[in-house]
Each structure stands twice: as C-alpha cells, then as structure tokens.
Amino acid sequence: MGKIVTNGAMLQCSFGTTPCTLAVSDPTRAQCGNMIVATIQDNTPANIPTFGMCQSIANPQVQTATSAAMGTLTPQPCVPAITGPWAPGSAEMKVNGTPVLTNSCKCQCMWQGIISVQNPGNAAIADVK
C-alpha cells in the first residue's frame, strides 16, 4: 500500500545531491484533491528534471571529472536518464489504463541511481494498493 503521488511530489535519487519536484502537467489527467495524479509513465526528463549534481561513478561525466581530479570524486550536473517506468504502481487504481504512481514506487537511472518518492505531494489522500 502507498499514497497516491501527484504533481509537485518530492523525489530523491540515491546519487543526486538535492531532491527535485515531480512535474505532471497534463490538464486532462484525473485529479485527486485538486492535484493532477501521476502514473508510472511519468518518468521523462519533463517529469523528473534534475537532482542537482550526480555523484555516481557509473556516469561517464563523473568518471572523467573524477579521473582528472586524481581519483577525488567530482560530482557533475545531474541529467536523469530513466531506464523504464516507475514500479510497481498501484494494483487497483489506473488512469486511462495506466497504473497510478504511489509513494512506494521506484525507478532506475541509467547511471545506477534509484529514484524514490520522498513526499507524495498530497498528505491528505488515502492509501491505495
């Protein structure tokens, strides 16, 4: 079970230096508590902009900068490269056939970061499965 995630939710990447805000801007999408509901397909750069600086050595930019700094980890600007949809999504609730995003979902960045929901953006909305 988890809480429904809406536009404005706070996200965090395990290799990012700052949280970011989930952007869900489809005005035709279902709303819950006057907030646009997110789905597991809200995983694009338009939805997940940046986590400040990336600290993953799997990121070629971080790798190059760290190498140039004689092995001292040198974070570089974060540009999320999401490899797939959020998972697992709600088993019960769907928007246009797509599972709703819940705060227990995670998605993966190509540079090995795990992105999670820190705050679903709507404290008053009930739990769903």
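Here are some notes:
- Across the range 22-52, the qualifying residues are those that are open to solvent by 60 Å² or more (accessible area, probe 1.4 Å) and in contact with a Pro (Cβ under 8 Å, 6 or more places away or on another chain), and the one among them that is farthest from GLY113 (Cα to Cα) is GLN41.
- Every listed requirement among (1) in contact with a strand residue (DSSP E or B) (Cβ under 9 Å, 6 or more places away or on another chain); (2) open to solvent by less than 80 Å² (accessible area, probe 1.4 Å); (3) not in a strand (DSSP E or B) is met by CYS107 save one, (3).
- Given (1) touching a Leu at 6+ places or on another chain (Cβ under 8 Å); (2) buried (at least 17 other Cβ atoms within 10 Å of the Cβ), number of the condition ILE57 does not satisfy: (2)
- Long-range neighbours under 9 Å by Cβ, at least six apart or interchain, first residue touching a residue at least 12 places away in the same chain (Cβ under 8 Å) and among the small types (Gly, Ala, Ser) within the range 37-60, second exposed (fewer than 15 other Cβ atoms within 10 Å of the Cβ) and assigned to a strand (DSSP E or B): GLY52/PRO77
- Flag if GLN12 is open to solvent by 40 Å² or more (accessible area, probe 1.4 Å), over 18 Å from GLY121 (Cα atoms) and modelled with pLDDT of 95 or more: no
- Of residues in the range 61-84 being under 19 Å from SER14 (Cβ atoms) and among the polar types (S, T, N, Q), the one farthest from the chain's Cα centre (by Cα): THR66
- Filtered residue count, the range 60-99, keeping only those that are modelled with pLDDT under 95, open to solvent by less than 20 Å² (accessible area, probe 1.4 Å) and not in a loop (DSSP other than H, G, I, E, B): 1
The values are calculated or read from the model by the stated rules, or taken from the named source; none is laboratory data. None of these values were measured; they are calculated from a predicted model. For neighbour counting, all protein chains shown are included, and Cβ atoms are generated from backbone atoms with ideal geometry for every residue, glycine included. Accessible surface areas use protein heavy atoms only, side chains included; no ligands, DNA or RNA. Shrake-Rupley method; radii C 1.70, N 1.55, O 1.52, S 1.80 Å.
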